[in-house]
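I have placed the structure first, in the form of structure tokens, so that the comments after it can refer back to it.
Rule-based calculations on the coordinates, nothing more; no lab input. These numbers come from a predicted model, not from an experiment. Because the Cβ atoms are built from the backbone with ideal geometry, glycine has one as well, and the counts that use them run over all protein chains shown.
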Amino acid sequence: MATTERRDEGHLSGTTIVLGLLCAGVIVWVLNSMGGQASEPGTPDLGTLSASTTKTTVAGAPRDPDPGHATDGLVVRVPKPLALRSSPDGPAFGKIGPRQFGPTWLPVIHQVDGWVQVLLPSRPNGSTGWLRSDQVGHEVSPYLIRVHLASRSLELSFEDRLTGSWPVAVGAPATPTPVGRTFVLGSITDPGQPYSPVILPLGMHSETLDTYGGGPGTVALHTWPDSSVFGTAASHGCVRVTSEALDHLTAVPLGTLVLIDRK
Amino acid sequence: MRRDLKALAGTAVVVTATASFAVLAGSSAVDARSTTSSAYGVSAAGGLPLDKTPYVESSDGSTHTTSQVELPDNPLLSLRAATISAGNDSASVQLLDVGIGQGGFDQLPEPPDELKDACAGLRDAGSDDLPLGEVPEIPVPGFPSLDDLPASDLQELCNLLLTPPDSVLGVDAVHVWCQGDTGAVDVANLKVLGQAVDVPSTAPNTSLPANPLVGITVNKQTKNADGSFTVEGLVIDLGDGSQTITLGSATCAKPAAKHHASPTPTPTAPSPTPVVTTHPVTG
């Protein structure tokens, strides 16, 4: 093994610089290996609660009481791990963290003094939970996405005005797209799924597939290379949209409400 | 630029950005509350200073917004776009494609031939085959030493050493906002030395584990003496305080007296930045 070069007066050797880079690389490696393991300190009571993510099933979550209804667009940002409660100030049944695919944004479906009821990304479909209003950031999504299964179309509204409508492919009869109220959970680019430059996972899962392709059966909005599918029921549950539609949908904030109906 | 980068790279002292939630205001400060909210995209202090850019403030309760594409020519910082807003008791910042020290590594000397040779021949060997001499201990509790790294990880490090990145730090998007005395930060795709770094938490005053090159504090929150509240997205300390950089800062004042009944509108949520990841969906 060679000896490390020593620093010249007022000058650092190349090896010393390389050592600095090496240490930085090691720490980056360790940071990556730690990814997702850290949690908010000072909340030990959250340790025993199941986290609501697209990969989990969380029991005890109240069901969406009005799954066909639009909201006023309020979305909340979860800044740290928070307990999910079954009612305002009620018992905790799970927790929600600050990141899903990106930051966690959830749609508010109901508000009571000091509390908001939000849709959740975990199974079963239609799961909700209550969060303390002062622990989340409040913003508004001016968008609303409607997916009509019978007419196989998607409508995008901005501030209650229809801005676009496109034909889509929905789930085939054996693997139908679920009906109900959900939301845009994330915006991802997946090298393993090159058929769409951007995929928008929703907070909803296939009711007929527990897993698909190694994933948990997450329903998503994405494009498809074969345009003949649009207007048909051909997918495994996802909603395949045109490239033009995706261009509009990628501007939609996370947490935006998605209403899927049988019309 | 070359001198500064060399000095940074050779820094043996670990930079630990310690941020505290400093409550500077006493009870008497209530009488001197600021009514000015403000926000800015980036700033730098130290060897290469940069004024708060772009900057916007609101002292009359109305919302002021500005945006900027690219920064004035400088060797330290670059960005593709910044959108800044400040209102009555709210402020926000959105930055896209920020880079620090871009191109600086082009001026570093070539790695020694012996290191190149050892890396080229690295297969299943251990760290003893790298001509590194005495490698500084990594002063983070529980972190492995280089001797514990498997050969596959050493190969990754060789790749880093022999193919230097194009910037010290890069981040695809930073979103910072405050409303009253609350606020939060979103960070998308942070890279240090070209390597993706997961930000395990964006809880207030989160310091990423120490690094010889870069100390990073995420979501630095400060209650100021004038009663205002500041959230800073990323505070980056290069070279043990010789150069500090702030990416995204939002300061919310105590709400101005509401002469008009119109409530402050809830801010609009940002468009997302796609995250590169693997997650099979139902297709």
Mind scanning A:Lys55/A:Lys263; A:Lys80/B:Lys220; A:Lys55/B:Lys223 and naming the pairs with a C-alpha gap bigger than 26 Å? A:Lys55/A:Lys263; A:Lys55/B:Lys223
Can you sort B:Tyr55, B:Tyr40, A:Tyr212 by how many other beta carbons sit within 10 Å, fewest first? B:Tyr55, A:Tyr212, B:Tyr40
What's the ranking of A:159-172, B:186-199 by average number of surrounding C-beta atoms within 10 Å, highest first? B:186-199, A:159-172
Neighbouring partner chain Cβ atoms per residue of B:191-204, average, 10 Å criterion: 6
In sequence order, calculated HN-Hα J values of region A:130-146 (Karplus, 6.51, -1.76, 1.60; Hz; x Gly/Pro): 9, 10, 5, 4, 7, 9, 10, x, 9, 9, 10, 9, x, 9, 9, 10, 10
From other protein chains only, count the Cβ atoms within 10 Å of every residue's Cβ in A:95-105, then give the mean. 5
Calculate, for A:Glu244 and A:Ser157, the FRET efficiency according to 1/(1 + (r/R0)^6) with r their C-beta to C-beta distance and R0 22 Å; round to the nearest 0.05. 0.85
Based on the Cβ-Cβ distance of A:Ser165 and B:Asp181, what FRET efficiency does E = 1/(1 + (r/R0)^6) give at R0 = 45 Å, to the nearest 0.05? 0.60
Which residues' amide hydrogens lie under 5 Å from the amide hydrogen of A:Gly203, considering only partners 5 or more residues apart or on another chain, with H built in the peptide plane? A:Phe183, A:Leu185
Taking beta carbons within 10 Å but only from partner chains, what does the mean come to for residues A:246-255? 2
Apply 1/(1 + (r/R0)^6) to the Cβ-Cβ distance of B:Ala120 and A:Thr56, taking R0 = 30 Å, and write down the FRET efficiency to the nearest 0.05. 0.10
